[in-house]
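What follows is a single structure, written as structure tokens, with notes after it.
The values are calculated or read from the model by the stated rules, or taken from the named source; none is laboratory data. Please read all numbers here as calculations on a predicted model, not as lab measurements. We place every Cβ from the backbone using ideal geometry, glycine too, and count neighbours over all the protein chains shown.
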Amino acid sequence: MSNMPSGTPGNHVFYVVFTPTDTANYDAVRNIPVTVEVAALPLALFCVALRNHV
């Protein structure tokens, strides 16, 4: 998930699935809301990221 776009800085909710190792005895749990706080990049890092991406 590290390469998933997260959008603008702030809190974002992603919905995840938990799949147990023992799927014969347990069911997967779907649509678990997980809040992720996205921080803004400092301007210097943003410029380096842009330069490396172009």
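The C-beta contact set for the stretch 1-23 (first residue farther than 14 Å from residue 35 by Cα and surrounded by 10 or more Cβ atoms within 10 Å (Cβ to Cβ), second residue modelled with pLDDT of 90 or more and of a type outside the set (D, E, K, R), distance under 8 angstrom, 6+ apart or interchain) comprises 18/28; 18/29; 18/32; 19/28; 20/26; 20/28. Checking every residue in the stretch 25-40 against the condition of being within 19 Å of the chain's Cα centre (by Cα) and modelled with pLDDT under 75 gives zero matches.
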